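Okay, structure first, notes after.
The values are calculated or read from the model by the stated rules, or taken from the named source; none is laboratory data. The structure presented is a predicted model; accordingly, all values stated were derived computationally and were not measured. Glycine gets a Cβ as well: all are built from the backbone with ideal geometry, and neighbour counts include every protein chain shown. Surface accessibility is based on the protein's heavy atoms, side chains included, excluding ligands, DNA and RNA. Shrake-Rupley method; radii C 1.70, N 1.55, O 1.52, S 1.80 Å.
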Amino acid sequence: EEAWTVDVAPVPPDIVDRPLLLERFDRATRKRVVLLVAPAGYGKSVLLAQWRRAHPERRVLVVPARATDDAVAFGRRLLRTLEAAGPGAEDRAAGHLALDGLALGEGLLEALLAELAKLAPVTLVVEDLENLTNPVLLDELGEMAERAPDGVGFIFVGRDDHLPRTPRLRLRDEVAEIRQEALSLTADQTAEAIGRVTGATLHPVQVDAL
């Protein structure tokens, strides 16, 4: 079985607290969809972990995308995640899983939305979306977000703009974006991060160079 989680990973040690960024992300999650987009190493997973730590009362489901995914593999991973959060979900929805690997299909979309509605309030995080090369599957994820009931939010995480499209939600101002300029460390935060990891205190000129 491929790895999957129902919750985000714990906050790593030696991480710099960034209250302003966390506040911005918290405001963003009031929208239906959050796009968290930046290259590798910018701290997307760390931000998610810090946000989750600040809100232990929230139900958060995490589904990673794999480079080998077709619609069947991804759909099954979605179902396993829902099953762990709400037993019986997999049995109720599995019969709608199309086996051609081209799309989730209308039946499964309806079933997934019904299961998410039972778990509301809930946030579904789909990570590593740069791995999904199937444009139909990406469109279906966007459609799922647009058709979701109140109390169901989505966080789409990727390294580039290879993301689900949600035009109707954009028109309703229900899409927020957090990108690399927001995730970049300030000079002070860089100095603090280096100090926590190495124990060294660097001169500001060295920090600026880094």
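Sub-9 Å Cβ pairs linking a first residue in segment 96-109 that is more than 14 Å from N134 (Cβ to Cβ) to a second residue that is at pLDDT below 95 and of a type in the set (V, I, T), at least 6 apart or interchain, are L97/V72; L99/V72, ordered by first then second residue.
Any chance segment 4-14 includes a residue that's modelled with pLDDT of 90 or more and open to solvent by less than 50 Å² (accessible area, probe 1.4 Å)? Within segment 4-14, none of the residues are modelled with pLDDT of 90 or more and open to solvent by less than 50 Å² (accessible area, probe 1.4 Å). Of the residues L163, L202, the single one that is outside any helix (DSSP H, G or I) and either within 28 Å of P135 (Cα to Cα) or under 29 Å from the mean Cα position of the chain (by Cα) (or both) is L163. Listed by first and then second residue, the pairs linking a residue in segment 174-203 that is open to solvent by 60 Å² or more (accessible area, probe 1.4 Å) to a residue that is outside any loop (DSSP other than H, G, I, E, B) and not aliphatic (A, V, I, L, M), with Cβ atoms under 7 Å apart and 6 or more places separating them unless they lie on different chains, are T201/G195. Taking the residues in segment 74-90 that are in contact with an Asp or Glu (Cβ under 8 Å, 6 or more places away or on another chain) and open to solvent by 10 Å² or more (accessible area, probe 1.4 Å) as candidates, determine which candidate is farthest from H162 (Cα to Cα). Ranking the qualifying residues of segment 74-90, first place goes to G86.
Restricting attention to segment 60-79, which residues are in a helix (DSSP H, G or I) and either of a type in the set (G, A, S) or closer than 13 Å to L124 by Cα (or both)? Residues satisfying the conditions are A71, A73, G75, R77, L78, L79. For segment 99-133, the set of residues classified as open to solvent by less than 30 Å² (accessible area, probe 1.4 Å) and in a loop (DSSP other than H, G, I, E, B) consists of G101, A103, L104, G105, L132, listed by residue number. Under the condition of being open to solvent by less than 50 Å² (accessible area, probe 1.4 Å), of a type outside the set (A, V, I, L, M) and under 14 Å from the mean Cα position of the chain (by Cα), the residues counted in segment 134-160 number 5.
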